[in-house]
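These notes concern the structure reproduced below.
What follows is calculated from the coordinates using simple rules that are stated; it is not laboratory data. Since this is a predicted model, take the numbers as computed values, not measurements. Here Cβ is always computed from backbone atoms with ideal geometry, including for glycine, and neighbour counts include all displayed protein chains.
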Amino acid sequence: MVHKVKGVVARSKGAPVTLETILVPEPGPGEALVDILTSGVCHTDLHYKLGGISDDFPFLLGHEATGVVSAVGPDVTNVVPGDRVVLNWRAVCGNCRACNRGEAQYCFNTHNATQKMTLEDGTELSAALGIGAFVEKTLVAAGQCTKVDPDADAAAIGLLGCGVMAGLGAAINTGGVKRGDSVAVIGCGGVGVAAIAGAALAGATTVIAVDIDPKKLDRALELGATHAVDSSASDPVEKIRELTGGFGADVVIDAVGRPETYKQAFYARDLAGTVVLVGVPTPDMTLELPLLDVFGRGGSLKSSWYGDCLPSRDFPMLISLYKQGKLDLDAFVTERITIDQVEEAFDKMHAGAVLRSVVEL
Ligand SMILES: NC(=O)c1ccc[n+]([C@@H]2O[C@H](COP(=O)([O-])OP(=O)(O)OC[C@H]3O[C@@H](n4cnc5c(N)ncnc54)[C@H](O)[C@@H]3O)[C@@H](O)[C@H]2O)c1
Ligand SMILES: [Zn+2]
Ligand SMILES: [Zn+2]
């Protein structure tokens with residue numbers, strides 16, 4: 001049986017998204033069918049719509065989601081119908097070079113569903129990040145389902161499926177922030193603020209938020225930053241040094257992803273410190289740095305994809321901390337919207353008015 005459901009599609013580069021009838025097949029071997037409950041609107045969905053990720057239109061958008069498994073295909077053992085899940089884009093293979101050396105968070109061969117969802121005329125859809133979640137029902141690889149506690153707000157915990165996990169993990173996993181560290185985060189959108197919350201959770205005693213928009217700084221202070229620097233008004237490198245005894249921060253996270261913010265991160269860190277790049281640059285960007293500074297300042301320069309998370313390890317742990325009141329995921333849910341309001345949500349995101357709009361299905 002093929003399921004007929006409504007979903008949000010980007011048909012061509014830059015065109016407004018449309019609500020379409022989507023045909024979703026029954027799950028085959030290794031696949032799971034999931035009834036979506038909530039799906040956050042992430043910057044990456046907008047990148048897909050604008051053609052910034054690939055030209056494989058039409059896209060079924062949405063990927064930051066919570067749902068309930070409604071059916072599973074043969075050979076699926078990790079979930080059963082009725083399980084509450086958060087969807088992930090890191091279903092690890094267990095067999096590649098990274099998995100074989102015990103570093104599954106870098107898996108080079110992650111899984112997606114084998115069968116395609118289509119439009120009514122049979123046109124195959126490309127699912128955003130191999131998920132596609134602005135839709136009533138979606139088909140994923142079973143490994144993309146992480147079983148979670150059903151007794152937690154779906155909209156809040158679904159954000160762990162992408163942006164919030166990317167930020168938290170940039171601090172906790174990639175940056176390895178420890179108790180007593182000083183941390184600076186450049187760019188305080190959803191990802192940067194999550195990095196701030198992650199640094200605070202890991203026990204950093206100085207957490208410096210940097211943004212060019214003062215509104216973003218107020219919110220960052222509410223979510224764990226100890227200091228705020230408006231980098232449109234003053235030099236963030238000097239300010240971060242001033243706030244860290246003249247030395248620079250132990251860990252600096254670039255959650256913007258531009259050459260100028262990366263250079264700020266590079267020079268605002270202490271000797272032997274760590275820079276984490278989590279913001280995503282565009283193909284035209286290049287970076288020039290004195291090689292002697294790269295050598296002489298020591299430490300490490302790292303990139304963070306999806307916060308170097310392992311969904312099966314990190315989602316349940318972070319949901320537990322959320323339920324204990326130690327991680328305020330609710331603060332990331334700015335508004336709850338319906339499936340026909342995704343285009344407006346993109347406008348609000350572009351204007352910097354929201355941390356996250358979450359579609360409730
Ligand atoms: N690495 C990953 O796995 C991953 C996952 C999700 C998103 N991302 C990326 O993270 C980045 C941030 O995402 P987001 O959802 O927080 O975006 P956002 O648009 O909500 O936030 C960006 C923030 O950066 C600020 N900013 C812009 N230019 C700046 C500058 N020159 N100096 C200081 N601040 C500046 C903006 O005011 C805004 O607050 C994006 O590039 C996104 O694609 C990466
Ligand atoms: Zn692997
Ligand atoms: Zn995302």
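Table for the structure above
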quantity: Estimated FRET transfer efficiency (ALA233, MET285; beta-carbon r; R0 22 Å; 0.05); calculated: 0.35
quantity: Expected 222 nm ellipticity per residue - DSSP helices of 4 or more, -39500 (n - 2.57), all of the chain, to 500; calculated: -6500 deg cm²/dmol
quantity: Cut-off 11 Å, label 7 Å out along Cα→Cβ of ALA15, residues of the stretch 102-144 by amide N; calculated: none
quantity: With Cα atoms, 0 to 90° folded angle of helix 311-323 axis to the chain main axis; calculated: 70
quantity: Neighbour-count ranking [beta-carbon atoms within 10 angstrom, fewest first] of LEU60, LEU223, LEU19; calculated: LEU19, LEU223, LEU60
quantity: Within straight-line cross-link reach of LYS49, lysines at Cα separation under 22 Å, skipping those fewer than 8 residues along the same chain; calculated: LYS6, LYS13, LYS116, LYS137, LYS348
quantity: Signed unit charges on C-beta, dipole axis of the chain, positive-most listed residue VAL41, LEU61, GLY299; calculated: GLY299
quantity: On Cα atoms only, tilt of 259-268 relative to the major axis of the chain in degrees; calculated: 50
quantity: Unit charges at the beta carbon, dipole of the stretch 95-167: most positive-side option, THR110, ALA133, ALA154; calculated: THR110
quantity: Segment LYS116-LEU221, extension gain: residue separation times 0.36 nm, minus the distance between their alpha carbons; calculated: 33.4 nm
quantity: Most positive-pole-ward Cα, ALA249, PRO290, SER234, against dipole of the stretch 215-347 from beta carbon charges; calculated: ALA249
quantity: Length released on extending from LEU50 to ALA351, taking residue separation times 0.36 nm less the Cα-Cα span; calculated: 106.8 nm
quantity: Helix 190-201 axis, angle to the chain major axis (alpha carbon atoms, nearest 10°); calculated: 60
quantity: Considering only the chain, percent of DSSP beta bridges that pair antiparallel, nearest 5; calculated: 55
quantity: Per-peptide average of other Cβ atoms within 10 Å, ordering 165-172, 204-211, 336-343, 51-58 highest first; calculated: 165-172, 204-211, 336-343, 51-58
